[in-house]
Each structure stands twice: as C-alpha cells, then as structure tokens.
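K.L.:
Here's a structure for you.
The values are calculated or read from the model by the stated rules, or taken from the named source; none is laboratory data. Here the structure is a predicted model, which means the values were calculated and not measured. Cβ coordinates were reconstructed from backbone atoms using ideal geometry, including for glycine residues, and neighbour counts include every protein chain displayed. In case anyone asks, the SASA skips ligands and DNA or RNA and just uses the protein heavy atoms, side chains included. Shrake-Rupley method; radii C 1.70, N 1.55, O 1.52, S 1.80 Å.
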Amino acid sequence: ARESGTWADLSPRERQVLVMVARGASSAEIGRQLHLSAKTVDTYRSRLMAKLKLADVPAVVRWAIRNRLISEHEE
C-alpha cells in the first residue's frame, strides 16, 4: 500500500500551494500572490494534505524534498 498520494493526485492549484507551503509561505502570502483569500488557501492546503495523507506542514516539506519539488537547503 502507498504511504501517501502522488503529485498526479493533486490539482494544478493544489500543486502550486504545496510548493509555496513547502517553501515556507504563509496562507496570507500565498493568497496575495495567487489572488485568493487566506481561507481559500487553507482549503487547498487541507485538501492536498488529505490527498497525500500528510499530518502537518513539516510533513509537507519532507514530502516536497523527497519528491524533489524543493531542495533541502531552500529558504
């Protein structure tokens, strides 16, 4: 059984939000950049975390590093 979902399981917007969250952006920052409310960003983040079976933001970061979406040394 897979421990988590895959990149292909996510919508294009969820992919965008995942990378931005993994890079440390807040919901407000992501919302400003994507012209969305912070609440909408939170919804996307909740959905992508559920699809990938990730419990918290550090797990999102680890998933993004493992899947080479960001580097370990990125800030």
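K.L.:
I'd like to verify a number: residues in the range 12-30 that are small (Gly, Ala, Ser) and assigned to a helix (DSSP H, G or I), how many?
P.N.:
Residues in the range 12-30 being small (Gly, Ala, Ser) and assigned to a helix (DSSP H, G or I): 3 in total.
So that you can scan it fast, the table gives a plain yes or no per residue for (1) in a loop (DSSP other than H, G, I, E, B); (2) without any contact (Cβ under 8 Å) to a residue 12 or more places away in the chain; (3) among the charged types (D, E, K, R); (4) open to solvent by less than 90 Å² (accessible area, probe 1.4 Å):
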site	(1), (2), (3), (4)
ARG32	no, yes, yes, no
ASP42	no, no, yes, yes
LYS51	no, no, yes, yes
ALA55	yes, yes, no, no
TRP63	no, no, no, yes
ARG68	yes, yes, yes, no
